[in-house]
Amino acid sequence: MRIEIMHGVNLDQLGRRDPAHYGSLTLAELERSIADAAADLGVEPRFFQTNHEGEFVEHLHGLRGDVDGVVLNPGAWTHYSYAIRDALELTGLPAVEVHLSDVDAREPFRRVSVISDLCLARIAGRGPLGYRDGLLALAQRLEQGAERTGEMAAR
Ligand code: DQA
């Protein structure tokens, strides 16, 4: 099971951003902790980060066929990028939206997500653990899907 973990704008600055919201891990440290969680779950992670919206969109375009699902934290793009929403929809892949901070308890604009209805789950305010939750949700969904396909093939 291959899962793409995508970080958007300003997430390369983790470690310098407000620790009250984002904790103190750098992006490299966060990705190491996600890789450890993935190993525990038997999932193969792949990582991507960019500060350029078009690159994020084009990366989504290329995912289909390469991975089985996607965990994404688009950062501020979450709240307004219909381009990312359309590209995520195009992937046809199961997705989970993750935020380190508790976006629902912050400024009103952060409560808006233009991607959440395309995602299996929206996980916020759990810090790095949110990514583990996201991987688990995807792994469970993909296993259910595989079982169903297996049942159909056996019929
Ligand atoms: C974020 C929340 C967003 O509102 C913010 O713009 C980010 C990070 C989070 O992980 O909590 O850059 O997605």
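The values are calculated or read from the model by the stated rules, or taken from the named source; none is laboratory data. Worth saying up front: this structure is predicted, and the values here are computed from it rather than measured. Cβ atoms come from the backbone with ideal geometry, glycine included; neighbour counts cover every protein chain shown.
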**OP:** Within region 14-34, work out how many residues are within 15 Å of A124 (Cα to Cα) and among the small types (G, A, S).
**Re:** 2
Original post:
F47 fails exactly one of the following numbered conditions: (1) away from the ligand (no atom under 11 Å from the Cβ); (2) within 24 Å of L27 (Cα to Cα); (3) part of a helix (DSSP H, G or I); (4) not β-branched (V, I, T). What is the number of that condition?
Top reply: (3)
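When only residues in region 10-27 that are of a type in the set (G, A, S) and exposed (fewer than 13 other Cβ atoms within 10 Å of the Cβ) count, which is nearest to the ligand (Cβ to nearest atom)? Break it down into steps so the answer makes sense when it comes.
Here is the first cut: in region 10-27, the ones of a type in the set (G, A, S) are 15, 20, 23-24.
The next check asks that each one be exposed (fewer than 13 other Cβ atoms within 10 Å of the Cβ); those that pass are 20, 24.
Details: A20: 11, S24: 14 Å.
My answer is A20.
Return the residues of region 81-101 that are surrounded by fewer than 17 Cβ atoms within 10 Å (Cβ to Cβ) and either within 8 Å of the ligand (Cβ to nearest atom) or part of a helix (DSSP H, G or I) (or both); say none if nothing qualifies.
Selection gives Y82, A83, D86, E89, L90.
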Original post:
Is region 68-80 home to any residue that is more than 26 Å from E143 (Cβ to Cβ), in a helix (DSSP H, G or I) and within 12 Å of the chain's Cα centre (by Cα)?
Top reply: yes
**OP:** Identify, by number, the condition in (1) assigned to a helix (DSSP H, G or I); (2) under 14 Å from I3 (Cα atoms); (3) touching a helix residue (DSSP H, G or I) at 6+ places or on another chain (Cβ under 7 Å) that D36 doesn't meet.
**Re:** (3)
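Based on what the data block shows, is E53 more than 19 Å from A139 (Cα to Cα), surrounded by 12 or more Cβ atoms within 10 Å (Cβ to Cβ) and at pLDDT 95 or above? Explain how you work it out, then say what you get.
Values: more than 19 Å from A139 (Cα to Cα): yes; surrounded by 12 or more Cβ atoms within 10 Å (Cβ to Cβ): yes; at pLDDT 95 or above: yes.
In short, yes.
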Subject >> Total residues in region 15-33, condition in a loop (DSSP other than H, G, I, E, B) and in contact (Cβ under 8 Å) with a residue 60 or more places away in the chain >> reply: 2
Subject >> Filtered residues of region 1-14 (kept if of a type in the set (D, E) and in a helix (DSSP H, G or I)) >> reply: D12
**OP:** Look at A139 and say whether it is in a helix (DSSP H, G or I) and in contact (Cβ under 8 Å) with a residue 60 or more places away in the chain.
**Re:** yes
**OP:** Within region 59-80, track down each residue that is within 14 Å of H7 (Cβ to Cβ) and near the ligand (Cβ under 10 Å from one of its atoms).
**Re:** L72, N73, P74, G75, A76, W77, T78
